[in-house]
Amino acid sequence: MALFGTDGIRGLANGETLTAEIAVDVAVAAAHILVESSSNKGKRPRAIVGQDSRASGEFLEAAVAAGLASAGVDVYRVGVLPTPAIAYLVGESGADLGVMISASHNPMPDNGIKLFSRGGGKLDDAIEAAIEKRMGEPWTRPTGRDVGRITFDETARDRYVSHLLASVSTPLNGLKIVIDCANGASSVVGPLAYEKAGATVIAIHHTPDGWNINENCGSTHLEDLQARVLKEGADFGIAHDGDADRCLAVDAQGNVIDGDAIMTILARRFKERGALKSNTIVGTVMSNLGFMHAMKEAGIEVITTAVGDRYVLEKMLEGDFSLGGEQSGHLIMREFANTGDGILTALQLAQEVVRTKKTLADLAATMKRFPQVLINVPNVAKDKLSTSQVITDAVAKAEATLGSDGRVLLRASGTEPLIRVMVEASSDNLAQEIAASLAATVKAELGN
């Protein structure tokens, strides 16, 4: 089984695929691959290493740092910071490599290793494959003064916050916002950045203890945020995930503002100020039909990719587009960063509320969300999805029923033996009815 997935290495910490030994091996192999391709020949390579707030991140970060230093790389530890902070710091410092220890929105027992190349970009599939191939092979170990040093970078947090604030042209004075930090990587820098930008901040779930990251909080559990926004009479709320590379919002009435709605708001502003390159935004196949309609009404073209922020970024780089993202709240604004950054996204969204003097609900109303139903059909032969004529006919019938007021998407999971059935329609009842029918057909045709 391949070690790297769509977002680095991820799995049960100290389980079969994510041990201290594997972390050391990955670090050594990554050092060899990236240093060999470096143009800084003769100079000591440098790496930035950060983590989210999971307890297991402590031993995994230590293992990664040890592996890199043993391969002759100087390691700059930055502690608990968001994933996009590592990407930024790698590019800003000219480091050869960045490593983030995190499993994002996954529950606490999981963890992961995400690598960034020189400049702060995610690694190409080919480089990840090369790293995996080099793991465990014999190598000549440096000794004496050639081994790497490990130090803690005391200024990293402030440099990242300064980067965030540099994106803010309209102070957030007068805004009262609630921030759910998911007891994760944004717990310190999130509230700090929003306060420095001028907002009055009420932080919740911002006291990580190593075990409580994403536990009934953050972008996957919005109930506490919704309740607190209403209780405080706040203008809106922001929810981050464990590594703060995404954000969702909640308006003053407690309604969820998802990534599609946030993209709609920002795309209109980008176009207005001439920053939307080629008048195009990049979404995914899961982007809501309401988002597609809103972009058409705004005269903005939408290009879709497979689900995953890495695919969104690939398409953005390929076409030199400036804005893209996912319904889950991963937004990439290449004017400011080459990776999704939840705090950066929230700052841009908050600016729009202040600049327009409109409520978040009013801004989000420009997109009429179509009811969307997603059903996971487990334990099926997902590889036979594209060859089943019965399923093809069922999908065609459903699409004919929906017409231009809905759509159907069936896709196989990349990691599990299941097929995801997604239906959008003009009404929730119709979406539920068609999704249930298609799910039953999939189960009958491909079930084990």
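So the values come out like this:
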{"item": "Vicinal HN-Hα couplings computed from phi for region 127-135 (Karplus, 6.51 cos²θ - 1.76 cosθ + 1.60; Hz; Gly/Pro x)", "result": "6, 4, 5, 5, 4, 4, 5, 7, 4"}
{"item": "Where labels lie 7 Å past Cα in the beta-carbon direction, separation of Arg355 and Arg411 in nm", "result": "3.0 nm"}
{"item": "Net +/- balance of residues flanking Ala31 in space, Cβ distance below 12 Å, scoring K and R +1, D and E -1", "result": "0"}
{"item": "Separation in nanometres of the label points that stand 7 Å from Cα toward Cβ, at Ala55 and Ser93", "result": "2.8 nm"}
{"item": "Leu276 long-range amide H proximity, modeled H, under 5 Å", "result": "Lys271"}
{"item": "Simple spin-label estimate for Glu232 and Ser437 in nanometres, 7 Å along Cα-Cβ", "result": "4.6 nm"}
{"item": "Helix 259-272 axis, angle to the chain major axis (alpha carbon atoms, nearest 10°)", "result": "90 degrees"}
{"item": "Too-long pairs where the Cα-Cα distance tops 31 Å, listed order kept, from Lys133/Lys382; Lys122/Lys357; Lys231/Lys296; Lys122/Lys231", "result": "Lys122/Lys357; Lys231/Lys296; Lys122/Lys231"}
{"item": "Relative contact order %, the chain, counting alpha carbon pairs below 8 Å whose residues are six or more apart", "result": "12 percent"}
{"item": "Between region 214-279 and region 401-446, the alpha-carbon center distance in angstrom", "result": "27 Å"}
{"item": "Percent carbon-and-sulfur accessible area, region 1-139, ignoring ligands, DNA and RNA, probe 1.4 Å", "result": "54 percent"}
{"item": "C-alpha center-to-center spacing [region 128-145, region 315-329] in angstrom", "result": "34 Å"}
{"item": "Scattering profile of region 98-204 at q = 0.14, 0.18 Å⁻¹ [log10 I(q)/I(0), Debye over alpha-carbon scatterers]", "result": "-0.85, -1.14"}
{"item": "Rounded to 10°, Cα long-axis angle of helix 56-70 versus longest principal axis of the chain", "result": "50 degrees"}
{"item": "Helix 223-232 axis, angle to the chain major axis (alpha carbon atoms, nearest 10°)", "result": "80 degrees"}
{"item": "Cα-only Debye scattering, the chain: base-10 log of I(q)/I(0) at q = 0.06 Å⁻¹", "result": "-0.27"}
{"item": "Once the Cα gyration tensor of region 302-387 is diagonalised, semi-axes √(5λ) in Å", "result": "30, 20, 11"}
{"item": "Helical contribution to [θ] at 222 nm, DSSP H n ≥ 4, -39,500 (n - 2.57), averaged over the chain, rounded to 500", "result": "-11500 deg cm²/dmol"}
{"item": "Relative packing of peptides 224-237, 76-89 - highest average C-beta neighbours within 10 Å first", "result": "76-89, 224-237"}
{"item": "Heavy-atom surface of the chain, accessible at 1.4 Å and reported per residue (Å²)", "result": "41 Å²"}
{"item": "Share of Cα-Cα pairs in region 1-158 lying beyond 21 Å, as whole percent", "result": "37 percent"}
{"item": "Highest average packing first - 17-25, 241-249, 168-176, Cβ atoms within 10 Å", "result": "241-249, 17-25, 168-176"}
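The values are calculated or read from the model by the stated rules, or taken from the named source; none is laboratory data. This is a predicted model, so every value here is computed, not measured. Positions of Cβ are backbone-derived with ideal geometry, glycine not excepted, and every protein chain shown enters the neighbour counts. The area values use the complete protein model at the heavy-atom level, side chains included, leaving out ligands, DNA and RNA. Shrake-Rupley method; radii C 1.70, N 1.55, O 1.52, S 1.80 Å.
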